[in-house]
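Okay, so here's the structure we're looking at.
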There are 2 protein chains.
Amino acid sequence: MPAPLLDRRDLEFMLYELFDVEQCLSRERYSDHNRETIDAALDVSQAIAEKYFLPYRQKVDTHQPTFDGEKVQMIPEIQQALDAVIEAGLASPGADYELGGMQLPALATSAVFAYLNAAGSTTMGYIGLTNANANLIEAHGSEEQIRTWVEPQRTGRFAGTMAMSEPGAGSSLADLTTSAVPQADGTYRITGNKIWISGGDHELSENIVHLVLARVKGAPKGVKGISLFIVPKFLVNEDGSLGARNDVQLAGLFHKMGGRGQTSTALNFGEKDGAVGYLVGEENRGLMYMFHMMNEARIMVGTMAATTALCGYQYSLDYAKERPQGRLPSSKDPLSPPVNIIEHADVKRMLLAQKAYAEGAYALCLLGTQLADDERTAPTEAERATAHELLDFLTPIIKSWPSEYGPKANYYAIQVLGGSGYVNEHPVELMYRDNRLNPIHEGTTGIQSLDLLARKVPQNKLAGYRACLQAIGETISRAQQVAELSAFAGELQASVDTLNSTTEFLLGSMLEQDIDLVLANSVKYLDMFGHVVIAWMWLKQAIVAAEALANSPHDADAAFYRGKLQAMRYFFRYELPETEVWAQLLRRLDDTCLGMHNDWF
Amino acid sequence: MPAPLLDRRDLEFMLYELFDVEQCLSRERYSDHNRETIDAALDVSQAIAEKYFLPYRQKVDTHQPTFDGEKVQMIPEIQQALDAVIEAGLASPGADYELGGMQLPALATSAVFAYLNAAGSTTMGYIGLTNANANLIEAHGSEEQIRTWVEPQRTGRFAGTMAMSEPGAGSSLADLTTSAVPQADGTYRITGNKIWISGGDHELSENIVHLVLARVKGAPKGVKGISLFIVPKFLVNEDGSLGARNDVQLAGLFHKMGGRGQTSTALNFGEKDGAVGYLVGEENRGLMYMFHMMNEARIMVGTMAATTALCGYQYSLDYAKERPQGRLPSSKDPLSPPVNIIEHADVKRMLLAQKAYAEGAYALCLLGTQLADDERTAPTEAERATAHELLDFLTPIIKSWPSEYGPKANYYAIQVLGGSGYVNEHPVELMYRDNRLNPIHEGTTGIQSLDLLARKVPQNKLAGYRACLQAIGETISRAQQVAELSAFAGELQASVDTLNSTTEFLLGSMLEQDIDLVLANSVKYLDMFGHVVIAWMWLKQAIVAAEALANSPHDADAAFYRGKLQAMRYFFRYELPETEVWAQLLRRLDDTCLGMHNDWF
């Protein structure tokens, strides 16, 4: 039996017990759904993942896409897998019925994608970006744009990208130089070079819809002069059929350490006579619109990182259960048979660390997914606003924590396998490489940390920050009512207190001190906040587990719930205390890094 | 200008100021050498590294060795690079003159190899193993064996390997099953399968000398029944010329995530009529002999990890100095020109972390190298014994700490480059992959941690442990005399006190508690000891730097010494406090991992 891609029991725990997806089924939009329809979608996605995606997971790594000068060539299995997803109606399960979707709640969509991501994250990258692209156009485009570009993306005819970075301005959008010149017919001509465009060219779809940031001639400098354009690979006729080739050319493919199924491209716009572009919304408001897609992409990155961690955990767990080697320190008799390596305390540690990282991170991503759903579909304006506030605040953490700890989990997956983990007979080294991209794209961890401390915390008079601490406080209060959790609730409260006093100190310092100094250790602040939030996710899971155990202690699921409690304990014992170390650094406004002169290196 | 492979100034600091290689030049063995000869060897190695190794560093990654069914095929540049090393006399610079060496002190040899390792670690893997193989035979082989197998390895005609692991017994040597049957002529016939044999087959040398662990028929079970054999690829005639092909066959090559220039092989011994093997020393003492090579290989692994970290640090530093992007938080004017990314506090942090990890780790490896030299060549028996004791104790730390923190340094090297770090236009992703092997081979980190806590600490009535703490104490005493270091000396003393009380607690617990429980968090003990030892290395460097600054504050080197002080400060502020967290876990005999049931996962 091959190792399971994911633990179905855990997925169901997350969906039905931790986040209670059934509760949102009462909303009009989701009224056709019930647990059976969701489970059926999970079954289909698992079957497609195992039948179509898994068989080429490693092949695409050694046969990555190439550019023959005209077209991108890739192994045919990618197209077959995408076709299977599209035929099963899973290209955009959350979209409106009339746009080709099945109006699944976002939580369920995330779980459905989890199997596909686990088996073929780089293939699913095309679908994820396409949906995020369509979501942006649906939110900010004109009715004509929605008609032309959204429906074909929902049904998988077209694919979508996000084109922001340029050779001279990777993360610094203020410096982008791609230009847009308005034409008499209301369109624009786009000229410039973009890099790191995931899915920027391929033959997997009839057309590719690029969402491109550019400056209209005469626009203000900096981020306030950026506009957003739809720039398709092929123009589209009135009737929806493909028209002429637009002036968008593939300049080259990047050769990446991992994630090789998804092309990463350099694109030249308008090398001949300018690429035709269609303005989204108003001029100079492009960055604000793009944040719609970027924020979604950030949650997607966190989710991908968490899923890859979950998958590596299951693989190494399966290996550890079946691989005999060595004996326990207490049993040195060389005549005794070797134990399976799962018996070794340090292997248990590496498995438990993976479980704590991966399931903690995935719970956080699902929380973000639930909030993203709530901000659109919750019944009251107040609920929608609260969800928006909390999600907006949490986004840098949802993006970063899984991205940093997902690769750590995969590090342990390799280590559990030992030498076998380092060779491509087993997929854990591939997961480790795939996952390494996540702390980089859609805003590096450093950028997320500045977003958190310099923007998200202080904005709206700390409204998002306070909403987050209040939500954590509610979980703590509930945990205090559960006898076996009250000590852990106290520990999390102490960490929250440290976090809060550190935050107040830093906010106070912003008024009095050099801002560069106050922000110098922002990554440590992100680390600290992230650990508190993941401890929160674990306490939430522990409450559900403890209550389930109290209700039916002899349930067949008892072992599953015990595992949740033990992973929670692991996180509280081995990880949460780190926040004290980081708080000390922050409270000291440590200037060791900031004060390092360039010529001292 | 390409990025420097290594910082020559730092290499010279390590050699001449920190470890004072010139002091051991008074020994008879090294009397031909002086700073000029050592510098000349460094110049040659740097030139060979840049001319021969660097140009194919990335080519060998995408053109890894293949097996055509008869022979291993690899790109010709590897042979050319090896030839250049051999022709320059650098195949074994530390060996005896009469065996083809140049009797360089071990510290100088390590520095000479550093350039070659930085540019071509996987090519140097052949040379490193060959020397370690020859060293073992020189120490434990017969005169005839030394004559037949050592000299051709010293001069590069033959290569050497270490063949221990088997499919059913990776790290658990007690379970190995390769058998040896004595013959009338005094030789043995070896039969069995070995895996993970680095350099196990290739056409780079005339012959390959395998050192193979096997059981003589009737030997006791477990590690006490293991013998060591020389099993060459080709038999050798009386006159040293090659004889018949021995019955050793390549079963296949492993395809690794990194380190692709060095073949990793599965070998079949004796599939036809048994491979001819020559017993080293006495029967059933093979593991003890093999530790001679294993211990050397462990220091080699640590050194390789540290060198790869140093190289990634230099590359990302060079990039950060030249890549403009973004502005400081204090300067939001979009009209101001972007700064080079080295100006960003978080980039400084990632560079400083690399410097602290890489230079701290390399200093520790050089300390191990110095001790390995002293245990052979120090003038008095007492000095040799002390060096042996301290090295034996430190070996698991020298192997593990650089192996764990070297990849972390390379993680930051990638992160400094952002998206560029993830693609193979730049070599940092390759370094990250190469370095990932080091926590695995020659004994995983978990195995090293058991070696440290269960063997190295208690053995000889804690003699090695006490020698280590005494050596640290001497550095602390010296630092207390330096005004700007006395606070750091106090911090290290506090960490040593915590380490010591934790050690006493654990040793006491071994007498009273379940040994599996006491050892359950041995990796955290290794982490704690490792951090204390690296802090020691940094305090040693800081003393040299502070004294140099005091003597000539306006020296051109002032910036260099300031950098050393700042990196020390980084390690004390950002890393050393972690030891408190780990000590708490250890003092609690935390059983979270040990107590995790298999069915709870």
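Among the residues here, residue B:41 does not qualify as in contact with a Leu (Cβ under 6 Å, 6 or more places away or on another chain) and modelled with pLDDT of 95 or more.
In this structure, is residue A:300 crowded, with 23+ Cβ neighbours inside 10 Å and at pLDDT below 95? The answer is no for residue A:300. No other residue among A:349, A:323, A:327 is within 12 Å of another protein chain (Cβ to nearest Cβ) and in contact with a Cys (Cβ under 6 Å, 6 or more places away or on another chain) apart from A:349. Consider the range A:257-271 and keep the residues that are out of contact with any Gly (no Cβ under 6 Å at 6 or more places or on another chain) and open to solvent by 20 Å² or more (accessible area, probe 1.4 Å). The one that is farthest from residue A:215 (Cα to Cα) is A:260. Counting only helices (runs of 4 or more DSSP H) that sit wholly inside the range B:384-486, those with at least 1 residues that are over 25 Å from residue B:259 (Cα atoms) and within 14 Å of chain A (Cβ to nearest Cβ) are B:445-450.
Okay, residues lined up against (1) over 19 Å from residue A:297 (Cβ atoms); (2) at pLDDT 95 or above:
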| residue | (1), (2) |
| --- | --- |
| A:166 | no, no |
| A:171 | no, no |
| A:226 | no, yes |
| A:241 | yes, yes |
| A:245 | yes, yes |
| A:258 | no, yes |
| A:263 | no, yes |
| A:268 | yes, yes |
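Here the range A:332-342 is the region considered, the condition is being surrounded by fewer than 20 Cβ atoms within 10 Å (Cβ to Cβ) and within 19 Å of residue B:596 (Cα to Cα), and the residue that is farthest from the other protein chains (Cβ to nearest Cβ) is A:339.
Evaluated against (1) within 27 Å of the chain's Cα centre (by Cα); (2) surrounded by 21 or more Cβ atoms within 10 Å (Cβ to Cβ); (3) under 26 Å from residue A:64 (Cα atoms), residue A:248 falls short on exactly one condition, (1). For residue A:309, the conditions (1) assigned by TED's automatic domain parsing to the domain that holds residue A:226; (2) of a type in the set (A, V, I, L, M); (3) more than 15 Å from residue A:226 (Cα to Cα) all hold with the exception of (1). Figure legend. Inter-residue proximity from the range B:22-51: first residues within 22 Å of residue B:122 (Cβ to Cβ), second residues open to solvent by 80 Å² or more (accessible area, probe 1.4 Å), beta-carbon distance below 9 Å, spacing 6+ or different chains. Indicated pairs: B:50/B:2. When the criteria are applied in full, residue A:174 meets the requirement of being surrounded by fewer than 24 Cβ atoms within 10 Å (Cβ to Cβ), touching a helix residue (DSSP H, G or I) at 6+ places or on another chain (Cβ under 6 Å) and part of a helix (DSSP H, G or I). As for the range B:353-361, it holds no residue that is in a helix (DSSP H, G or I), among the acidic types (Asp, Glu) and surrounded by fewer than 24 Cβ atoms within 10 Å (Cβ to Cβ). Residues in the range B:277-293 that are in contact (Cβ under 8 Å) with a residue 60 or more places away in the chain and open to solvent by 10 Å² or more (accessible area, probe 1.4 Å) were compared, and the one that is nearest to residue B:530 (Cα to Cα) is B:292. Of the residues making up the range B:102-117, those that are open to solvent by less than 10 Å² (accessible area, probe 1.4 Å) and either modelled with pLDDT under 95 or not hydroxyl-bearing (Ser, Thr, Tyr) (or both) are B:104, B:105, B:107, B:108, B:111, B:112, B:114, B:116.
Of the residues making up the range A:209-229, those that are surrounded by fewer than 24 Cβ atoms within 10 Å (Cβ to Cβ) and aliphatic (A, V, I, L, M) are A:216, A:219, A:223. The set of residues in the range A:517-530 that are assigned to a helix (DSSP H, G or I), open to solvent by less than 20 Å² (accessible area, probe 1.4 Å) and within 14 Å of chain B (Cβ to nearest Cβ) comprises A:518, A:522, A:523, A:525, A:526, A:528.
Residue count for the range A:13-26 under the criterion of being open to solvent by 40 Å² or more (accessible area, probe 1.4 Å) and at pLDDT 95 or above: the result is 1.
The conditions of being in contact with a Ser or Thr (Cβ under 7 Å, 6 or more places away or on another chain), under 14 Å from residue A:160 (Cβ atoms), hydroxyl-bearing (Ser, Thr, Tyr) and touching a residue at least 12 places away in the same chain (Cβ under 8 Å) are not met by residue A:264.
Annotation note: of A:92, A:31, the sole residue that is small (Gly, Ala, Ser) and either open to solvent by 10 Å² or more (accessible area, probe 1.4 Å) or in contact with a strand residue (DSSP E or B) (Cβ under 7 Å, 6 or more places away or on another chain) (or both) is A:31. Residues that are within 11 Å of chain B (Cβ to nearest Cβ), open to solvent by less than 20 Å² (accessible area, probe 1.4 Å), modelled with pLDDT of 95 or more and more than 21 Å from residue A:356 (Cα to Cα): does the range A:495-515 have at least one? Checking the range A:495-515: not a single residue is within 11 Å of chain B (Cβ to nearest Cβ), open to solvent by less than 20 Å² (accessible area, probe 1.4 Å), modelled with pLDDT of 95 or more and more than 21 Å from residue A:356 (Cα to Cα). For the condition open to solvent by less than 20 Å² (accessible area, probe 1.4 Å), more than 22 Å from residue B:442 (Cα to Cα) and either at pLDDT below 95 or out of contact with any strand residue (DSSP E or B) (no Cβ under 8 Å at 6 or more places or on another chain) (or both), residue B:274 qualifies. Being open to solvent by less than 20 Å² (accessible area, probe 1.4 Å) and within 14 Å of chain A (Cβ to nearest Cβ) holds for only one residue in B:192, B:200, B:168, and it is B:200. Taking the range B:543-577 as the range and being within 13 Å of another protein chain (Cβ to nearest Cβ), among the aliphatic types (A, V, I, L, M) and touching a residue at least 60 places away in the same chain (Cβ under 8 Å) as the test, the residues that pass are B:565, B:567, B:568, B:576. In the range B:121-128, is there at least one residue being in a helix (DSSP H, G or I), open to solvent by less than 20 Å² (accessible area, probe 1.4 Å), closer than 27 Å to residue B:226 by Cα and without any contact (Cβ under 8 Å) to a residue 60 or more places away in the chain? Yes: the range B:121-128 contains one or more residues that are in a helix (DSSP H, G or I), open to solvent by less than 20 Å² (accessible area, probe 1.4 Å), closer than 27 Å to residue B:226 by Cα and without any contact (Cβ under 8 Å) to a residue 60 or more places away in the chain. Here the range B:406-430 is the region considered, the condition is being among the polar types (S, T, N, Q) and open to solvent by 10 Å² or more (accessible area, probe 1.4 Å), and the residue that is farthest from the chain's Cα centre (by Cα) is B:420. Residues in the range A:322-366 that are hydrophobic (A, V, I, L, M, F, W, C) and closer than 30 Å to residue A:394 by Cα: how many? Number satisfying all stated conditions: 11.
Please determine whether any residue of the range A:531-545 is open to solvent by 10 Å² or more (accessible area, probe 1.4 Å) and more than 30 Å from residue B:348 (Cα to Cα). The answer is yes, given that some residue of the range A:531-545 is open to solvent by 10 Å² or more (accessible area, probe 1.4 Å) and more than 30 Å from residue B:348 (Cα to Cα).
The values are calculated or read from the model by the stated rules, or taken from the named source; none is laboratory data. Keep in mind that what you see is a predicted model, and the values were worked out from it rather than measured. We place every Cβ from the backbone using ideal geometry, glycine too, and count neighbours over all the protein chains shown. Areas reflect the complete protein model, heavy atoms only, side chains present, ligands, DNA and RNA absent. Shrake-Rupley method; radii C 1.70, N 1.55, O 1.52, S 1.80 Å.
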